[in-house]
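The values are calculated or read from the model by the stated rules, or taken from the named source; none is laboratory data. What you see is a predicted model, and the numbers here were worked out from it, not measured in a lab. Every residue, glycine among them, receives a Cβ derived from its backbone with ideal geometry; neighbour counts consider all protein chains shown. These area figures cover heavy atoms from the full protein model, side chains too; ligands, DNA and RNA do not enter into them. Shrake-Rupley method; radii C 1.70, N 1.55, O 1.52, S 1.80 Å.
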Amino acid sequence: MKIKRKYRWLCLVLALAVLAAGIGYLATRGDWWYYLELAVRSYPEPELTAAQLHESDCTEWTWEDLKGADGVTVSCLLMLVNASHPLPAGYEAELTEYNGAEMHPLMVEPYIALRDTVLAETGVRIYVADDYRTAEEQMEILESSEEGTAAAPGCSEHEAGLSLDVYAPYCAGKEFLKSAAGRMVNRVCGEYGFVIRYPLGKEEITGISYEPWHLRYVGEPHAEIMMNSGLTLEEYIQALTPEVWFAHGNYLILRTAADACRLPQGWERCEISEDNAGYRIVTLKMP
Ligand SMILES: [Zn+2]
């Protein structure tokens with residue numbers, strides 16, 4: 001009888017030890033919790049309101065005049081690049097080098113700000129594993145990758161210099177979410193103009209499997225709208241009904257195929273980007 005009671009205690013202690021180890025292990029698997037967070041998250045409609053502009057407050061601009069005006073940036077930040085929207089033949093990416101990585105010049109400061117915020121909050125520094133690629137480098141990656149995990153040459157945003165693959169020490173690729181830094185990048189990148197370009201559950205739209213490490217720069221306010229509403233770039237561009245002005249906070253956005261455009265007066269900043277789908281997207285920062 002005495003022996004039986006002893007075994008009972010032993011079993012109880014063992015069960016508690018297994019339970020404690022299990023809980024301890026779960027606590028270390030932040031990536032599993034993040035996947036759960038993604039699975040239960042519901043996304044609101046994109047924060048875009050159709051805006052009525054008063055004709056009398058608008059000025060007509062030709063694209064040529066607008067490109068030379070003060071406060072105007074012409075970029076490629078909203079270019080859709082995928083299997084059905086390859087880069088135009090002979091496309092030359094606008095590049096600058098930062099810390100050994102080649103990227104679009106407009107991305108450098110936002111990337112530094114994102115990296116430094118993540119470092120300050122998590123104590124972990126993120127690094128760039130992959131930046132601009134030539135078509136030849138993209139071909140090499142395609143040939144050595146599983147189907148559906150890499151784009152064909154001409155169809156990768158890396159060739160436009162608009163994407164960065166990032167990692168945290170000992171946590172690269174799929175392991176990135178095991179790092180608190182990786183999870184934070186995925187949660188806040190929209191505030192810095194970046195999106196997770198190939199999100200979980202959108203593989204049929206993007207044609208690429210989930211890549212929590214692949215950041216695409218689209219700039220403000222587009223990244224925040226896309227990340228908050230769970231839209232891919234394909235879906236976001238589709239949501240911008242052509243020739244309709246949309247308002248988001250202090251921003252006005254127009255997707256247009258017109259030869260000229262009428263802009264409201266008094267804007268602080270104007271950014272124009274081709275979308276590689278037949279339209280230009282005008283983004284105005286209003287006071
Ligand atoms: Zn990538």
When the stretch 152-171 is examined, which residues are found to be under 15 Å from residue 30 (Cα atoms) and in contact (Cβ under 8 Å) with a residue 40 or more places away in the chain? 168
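Before we move on, is residue 121 away from the ligand (no atom under 12 Å from the Cβ), at pLDDT below 95 and charged (D, E, K, R)? Break it down stepwise before answering.
On the way: away from the ligand (no atom under 12 Å from the Cβ): yes; at pLDDT below 95: no; charged (D, E, K, R): yes.
The answer is no for residue 121.
Would you say residue 127 is open to solvent by 60 Å² or more (accessible area, probe 1.4 Å), more than 27 Å from residue 271 (Cα to Cα), out of contact with any Lys or Arg (no Cβ under 6 Å at 6 or more places or on another chain) and touching a residue at least 40 places away in the same chain (Cβ under 8 Å)?
Working: open to solvent by 60 Å² or more (accessible area, probe 1.4 Å): yes; more than 27 Å from residue 271 (Cα to Cα): yes; out of contact with any Lys or Arg (no Cβ under 6 Å at 6 or more places or on another chain): yes; touching a residue at least 40 places away in the same chain (Cβ under 8 Å): yes.
So residue 127 passes the test.
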Selection count where residues are open to solvent by less than 60 Å² (accessible area, probe 1.4 Å) and either within 20 Å of residue 211 (Cα to Cα) or touching a residue at least 60 places away in the same chain (Cβ under 8 Å) (or both), scope the stretch 17-50: 7
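Looking at this structure, is residue 89 part of a loop (DSSP other than H, G, I, E, B) and more than 19 Å from the chain's Cα centre (by Cα)? Walk me through how you get there before you give the answer.
Values: part of a loop (DSSP other than H, G, I, E, B): yes; more than 19 Å from the chain's Cα centre (by Cα): yes.
Taking the combined requirement at face value, the residue satisfies it.
How many residues are open to solvent by 30 Å² or more (accessible area, probe 1.4 Å), within 18 Å of residue 203 (Cβ to Cβ) and not hydrophobic (A, V, I, L, M, F, W, C) if we restrict to the stretch 226-241? Walk me through it before giving the result.
In the first step, residues of the stretch 226-241 are kept if they are open to solvent by 30 Å² or more (accessible area, probe 1.4 Å); the result is 227-228, 231, 235, 238-239, 241.
From what is left, the residues that are within 18 Å of residue 203 (Cβ to Cβ) are 227, 231, 235, 238.
Right, trim to not hydrophobic (A, V, I, L, M, F, W, C) and you get 235, 238.
Number of matching residues: 2.
Please verify whether the stretch 246-255 includes one or more residues that are within 17 Å of the chain's Cα centre (by Cα) and either under 23 Å from residue 105 (Cα atoms) or away from the ligand (no atom under 14 Å from the Cβ) (or both).
So in the stretch 246-255, the residues within 17 Å of the chain's Cα centre (by Cα) come out as none.
Checked the stretch 246-255: no residue is within 17 Å of the chain's Cα centre (by Cα) and either under 23 Å from residue 105 (Cα atoms) or away from the ligand (no atom under 14 Å from the Cβ) (or both).
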Kindly list, by first and then second residue, each pair from a residue in the stretch 96-115 that is open to solvent by 10 Å² or more (accessible area, probe 1.4 Å) to a residue that is at pLDDT 95 or above and basic (Lys, Arg), limited to pairs with Cβ atoms under 9 Å and residues at least 6 apart or on different chains. 115/125
Residue ID - farthest from the ligand (Cβ to nearest atom), chosen from residues in the stretch 195-236 that are small (Gly, Ala, Ser) and part of a helix (DSSP H, G or I): 229
Given (1) more than 30 Å from residue 244 (Cβ to Cβ); (2) modelled with pLDDT under 90; (3) in contact with a Pro (Cβ under 7 Å, 6 or more places away or on another chain), where does residue 3 come up short, assuming only one miss? (3)
When the stretch 152-194 is checked residue by residue, the ones that are more than 15 Å from the ligand (Cβ to nearest atom) and part of a strand (DSSP E or B) are 168, 171
Could you check the stretch 28-57 and list, in sequence order, the residues that are outside any helix (DSSP H, G or I), within 20 Å of the chain's Cα centre (by Cα) and not acidic (Asp, Glu)? 41, 42, 43, 44, 46, 48
